[in-house]
Amino acid sequence: MRLRLALCLSLLPLLAVSVAHAARAAQDAAASASAPAERSAYDTGDAWIDRWLEDVDAYARRYPGSFVDELQRTLGVRRGYAEAVLKVPGWRAGDLYFACAWAQAMQRSCRDLVRLRSQAADKPWAELLAAQGKADNLAYRQVRHALVASYDRWDRPIELDARLREQLGDAPARLARARAAYDTPAAPEAR
């Protein structure tokens with residue numbers, strides 16, 4: 001009997017800690033439920049882009065070389081520059097991808113957008129773009145298409161919204177078009 005009593009008394013502090021943790025968790029859950037929805041870490045002005053830039057971060061952490069290759073091959077970013085930017089505290093792979101894809105869509109230098117973002121890192125992308133007066137739908141469309149093309153090259157799954165499915169088709173259709181582009185015979189040379 002004394003042994004049981006001693007055991008029960010020794011477990012009381014653990015029980016008290018568990019109850020305190022449960023109460024704190026319940027308070028945190030209630031607070032987060034009543035709090036306004038958090039903004040995306042990217043907040044580009046396009047929720048679909050924001051979602052996939054988060055995934056670009058995960059891809060770049062796992063395959064940094066392939067990520068930098070993609071920037072170099074498709075967005076025209078010099079390898080050394082991309083690697084240097086990614087070493088700067090506060091710069092994420094998704095930031096660099098977005099800066100360079102947006103710059104390409106707007107026919108600007110990626111370095112211009114990197115400089116702009118570096119000078120106002122505390123502001124969301126949407127605010128920076130609006131201040132430039134250039135946040136148009138065509139540029140967002142081009143960035144969305146660039147993301148889909150990158151995911152296709154990475155052979156990484158991506159969920160398209162209805163508009164992108166309409167514009168680009170499903171993955172097999174995109175792959176068939178890409179293969180057809182490589183299988184097309186070259187035009188005869190003019191003499």
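Brief remarks follow.
- Filter result for Ala101 (within 16 Å of Ala41 (Cβ to Cβ), in contact with a Leu (Cβ under 9 Å, 6 or more places away or on another chain), at pLDDT 95 or above and buried (at least 19 other Cβ atoms within 10 Å of the Cβ)): no
- Flag if Ala121 is assigned to a helix (DSSP H, G or I) and aliphatic (A, V, I, L, M): no
- Every listed requirement among (1) touching a helix residue (DSSP H, G or I) at 6+ places or on another chain (Cβ under 6 Å); (2) modelled with pLDDT under 90; (3) not in a helix (DSSP H, G or I) is met by Ala186 save one, (1).
- Of all the listed residues (Gln107, Gln132), the sole one being surrounded by fewer than 13 Cβ atoms within 10 Å (Cβ to Cβ), assigned by TED's automatic domain parsing to the domain that holds Glu54 and polar (S, T, N, Q) is Gln107.
- Single residue of region 67-95 satisfying the filter (touching a residue at least 12 places away in the same chain (Cβ under 8 Å) and exposed (fewer than 14 other Cβ atoms within 10 Å of the Cβ)) that is nearest to Ala146 (Cα to Cα): Gly76
- Filtered residues of region 138-182 (kept if part of a helix (DSSP H, G or I), surrounded by fewer than 11 Cβ atoms within 10 Å (Cβ to Cβ) and at pLDDT 85 or above): Leu138, Ala162, Glu166
- Boolean, Tyr42 is aromatic (Phe, Trp, Tyr), surrounded by 10 or more Cβ atoms within 10 Å (Cβ to Cβ), within 14 Å of the chain's Cα centre (by Cα) and modelled with pLDDT under 95: yes
- Some residue of region 46-62 being within 17 Å of the chain's Cα centre (by Cα) and assigned to a loop (DSSP other than H, G, I, E, B): yes
The values are calculated or read from the model by the stated rules, or taken from the named source; none is laboratory data. Remember, predicted model here, so these are calculated numbers, not experimental data. A quick note on method: Cβ atoms are made from the backbone with ideal geometry, for glycine too, and the neighbour counts reach across all protein chains shown.
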